[in-house]
Amino acid sequence: MIFNIVIGVWVAAGMVIGFFMPPATGLVTSTVMYFHVPTAIAMEAAFLIAAYQGWRWLKTRKIEHDALSYSFAEFGAWLGVIATITGALWAKLNWGEYWSWDPQQTGIVATLLTYAALFSLRSAIDDEEKRRDLWAVYAIVGALSAIFWTFVFRRLMPTLHPPSTLINSEPLYKFALWFNVVGYILVLVKIAQIRARLELASQRLNAQNYL
C-alpha cells in the first residue's frame, strides 16, 4: 500500500515538474520530453528485465521467472507505443512534422515489430515447457534488438534528435527528466508484477486442466 502511494505521489510530482521546466538546449519546447524520454527509457528497462528473467528461468526452471519475463516484455511494448505517440507529438512541436522516418522513429517501430513477432511466436507454441524455453531466448534476442534499434541504429545516420541535449542542458532539466524516469520505472515494476501474478495464475490453471 505504501509503495503504491509513493508511486502515485512520485509520478504526479514528476508531471507537475515537467510542465514548469524551461526548454532544454536545442529544443523549441521540451514539455513532452519529460514524458516521452522517461517512457522510452522505461521501455528499454522493461526489455532488459524481461531478458534477465528469461535467463533466470533457464537457470532455475521456476515458472515465476517466465511469468515475470513475459509480463515485463508485454508492458515494455505498451510503453514503446506510448513513447512512439509522445515522440510524434514532440516532433511536431519542434520540427513541424509528426513523422519523418527519423532513425529514432524508425528504430522504435522496428523494435515494436520485433516484439510483436516474438509474442506471436510464443503464443503459437502449445507445450508449456518448450514455450518457456523458447521465450527465454526470444526475450534475450528482443532486448539485444531493442538496444540496436534504439541506441546504435540512430548513430549510423543523420538524425533530427539533438545529440547533446542531456549533456548541455541545465542541471534543473536533467533533474526533472531523471526524476520522471525513476517514476516511470516504478510504475513499470508495479504493473509488471501484477501482470506476472495473473500470468502465473493462468499458467497454473492451464496445467491443472491438462491433468
Consider ALA136 carefully, then state whether it is over 18 Å from GLU199 (Cβ atoms) and of a type in the set (A, V, I, L, M, F, W, C).
no
Consider region 168-182. How many of its residues are among the small types (Gly, Ala, Ser) and farther than 16 Å from PHE20 by Cβ?
0
Please state which one of THR29, THR86, THR39 is at pLDDT below 85 and in contact with a helix residue (DSSP H, G or I) (Cβ under 7 Å, 6 or more places away or on another chain).
THR29
Is it the case, given these coordinates, that LEU144 is surrounded by fewer than 18 Cβ atoms within 10 Å (Cβ to Cβ) and at pLDDT 90 or above?
yes
Check on ARG154, over 16 Å from ALA40 (Cβ atoms), over 17 Å from the mean Cα position of the chain (by Cα) and outside any loop (DSSP other than H, G, I, E, B):
no
Tell me the residue from ILE49, ILE41, ILE82, ILE7 that is within 16 Å of ILE185 (Cβ to Cβ) and touching a Leu at 6+ places or on another chain (Cβ under 6 Å), please.
ILE7
Within region 53-71, identify whether any single residue is within 16 Å of the chain's Cα centre (by Cα) and among the hydrophobic types (A, V, I, L, M, F, W, C), and answer yes or no.
yes
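So that you can scan it fast, the table gives a plain yes or no per residue for (1) surrounded by 14 or more Cβ atoms within 10 Å (Cβ to Cβ); (2) without any contact (Cβ under 8 Å) to a residue 24 or more places away in the chain:
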{"position": "TRP90", "(1), (2)": "yes, no"}
{"position": "ASN94", "(1), (2)": "yes, no"}
{"position": "THR106", "(1), (2)": "yes, no"}
{"position": "LEU113", "(1), (2)": "no, yes"}
{"position": "LEU118", "(1), (2)": "yes, no"}
{"position": "ALA124", "(1), (2)": "no, yes"}
{"position": "LEU134", "(1), (2)": "yes, yes"}
Taking interchain pairs and intrachain pairs at least six residues apart, which have beta carbon atoms under 6 angstrom, with the first residue in region 1-17 and free of Cβ contacts under 8 Å to residues at least 40 places away in the same chain and on the phi > 0 side of the Ramachandran plot and the second hydrophobic (A, V, I, L, M, F, W, C) and outside any helix (DSSP H, G or I)?
none
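The values are calculated or read from the model by the stated rules, or taken from the named source; none is laboratory data. Bear in mind the structure is a predicted one, so any value in this text is a computation, not a measurement. All Cβ positions, even for glycine, are placed from backbone atoms using ideal geometry, and neighbour counts span all protein chains on display.
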